[in-house]
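Following: one structure in structure tokens, then a few remarks.
The values are calculated or read from the model by the stated rules, or taken from the named source; none is laboratory data. Owing to the predicted nature of the structure, the values given are computational and were not obtained by experimental measurement. Here the Cβ positions follow ideal geometry from the backbone for every residue, glycine too, while neighbour counts run over all protein chains shown. Calculation scope for accessible area: heavy atoms of the full protein, side chains included, ligands and nucleic acids excluded. Shrake-Rupley method; radii C 1.70, N 1.55, O 1.52, S 1.80 Å.
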Amino acid sequence: GAAFYRTILRAPVVEVSSPSVAEAAKILENIFRYVNIALVNELSVLHEVLGVDFIEAIGAAGTKPFGFMPHYPGPGIGGHCIPKDPFYLVYKARKAGLPLRLVSAASTVNKMMPRHVVDRTLKGLKRARKIASRCTVAVWGLAYKGEVRDTRRSPALEILRLLQRARVNVRVYDPFVSSVTVSAKTYNSEGSMEESVRDADCIIVATNHNQFRGAPLKVLASMMRPNPIIHDTR
């Protein structure tokens, strides 16, 4: 098996002693990311309240030459592996009588993030003296991460569901995803950033697609309703 993969991969092939060790390595890598993302998500919410630029703090901490690996907060965790794979081990640990308390706590934090995004957006609209049920919010990004079209377990979908509950009018734009269906409602992606924000009150950046980094915000703001808001979760 190792010889076969060496013929088709540029990456190094690491051999271990058993399939069990290989699977444990994969689960360990996913849990490491899951728990560390939960840590920065929870700290980012705290630092919002404290008024500290937490992204700048992560960059400063990242200058330490050892003992720190930067992870970044976001609107939740999506994709095929990280939101799911750690919980195979949680299940196995529970059967073995050794519950994984840290992973379970991390799950609580990561699952709260879409709710935090929507709550913070609604508070922002209220501060701008806007009534949520009369507002239009443009959600940028449906994929679970940038530069892909994969929407599996994307936190953007949960954000859409929560905005539905708040009776907010929603438009979506994703350069890679044409449409998604959430709670029996289909959202079709607008043709451009400009189309998505015309006469809108707010933009939520839910995915870190490269296109969004260069968005002409002053131009877009002029197309929106007075006192526009941008909530960049990425």
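What the table shows:
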| quantity | calculated |
| --- | --- |
| Cβ pairs under 6 Å, 6+ apart, first in the stretch 1-21 and open to solvent by 100 Å² or more (accessible area, probe 1.4 Å), second β-branched (Val, Ile, Thr) and in a loop (DSSP other than H, G, I, E, B) | Tyr5/Val13; Arg6/Val13 |
| Scope the stretch 196-214; condition assigned to a loop (DSSP other than H, G, I, E, B) and without any contact (Cβ under 8 Å) to a residue 60 or more places away in the chain; matching residues | Arg198, Gly214 |
| Leu89 vs. criteria farther than 13 Å from Thr233 by Cβ, crowded, with 16+ Cβ neighbours inside 10 Å and without any contact (Cβ under 8 Å) to a residue 60 or more places away in the chain | no |
| Residue within the stretch 129-146 that is open to solvent by 30 Å² or more (accessible area, probe 1.4 Å), more than 16 Å from Gly74 (Cβ to Cβ) and touching a residue at least 40 places away in the same chain (Cβ under 8 Å) present | yes |
| Enumeration of residues in the stretch 176-234 that are within 23 Å of the chain's Cα centre (by Cα) and among the basic types (Lys, Arg) | Lys185, Arg213, Arg234 |
| Top-ranked residue of the stretch 147-167 - restricted to ones that are open to solvent by less than 60 Å² (accessible area, probe 1.4 Å) and touching an Asp or Glu at 6+ places or on another chain (Cβ under 9 Å), ranked as farthest from Ile37 (Cα to Cα) | Leu162 |
| Residues satisfying the stated conditions in the stretch 189-234, i.e. of a type in the set (Gly, Ala, Ser) and farther than 21 Å from Leu125 by Cα | Ser189, Gly191, Ser192, Gly214, Ala215 |
| Lone qualifier among Gly97, Gly79 - being open to solvent by less than 60 Å² (accessible area, probe 1.4 Å) and more than 16 Å from the chain's Cα centre (by Cα) | Gly97 |
| Elements of type helices (runs of 4 or more DSSP H) in the stretch 23-135, at least 2 residues being among the aromatic types (Phe, Trp, Tyr) and closer than 29 Å to Val148 by Cα | 86-95 |
| Where a residue in the stretch 162-188 is basic (Lys, Arg) and its partner, wherever it lies, is at pLDDT 95 or above and buried (at least 20 other Cβ atoms within 10 Å of the Cβ), with Cβ under 6 Å and at least six apart | Arg171/Ala138; Arg171/Ser196 |
| In the stretch 215-234, the residues that are open to solvent by 60 Å² or more (accessible area, probe 1.4 Å) and assigned to a loop (DSSP other than H, G, I, E, B) | Arg225, Pro226, Asn227, Arg234 |
| Selection count where residues are in a strand (DSSP E or B) and open to solvent by less than 60 Å² (accessible area, probe 1.4 Å), scope the stretch 172-195 | 7 |
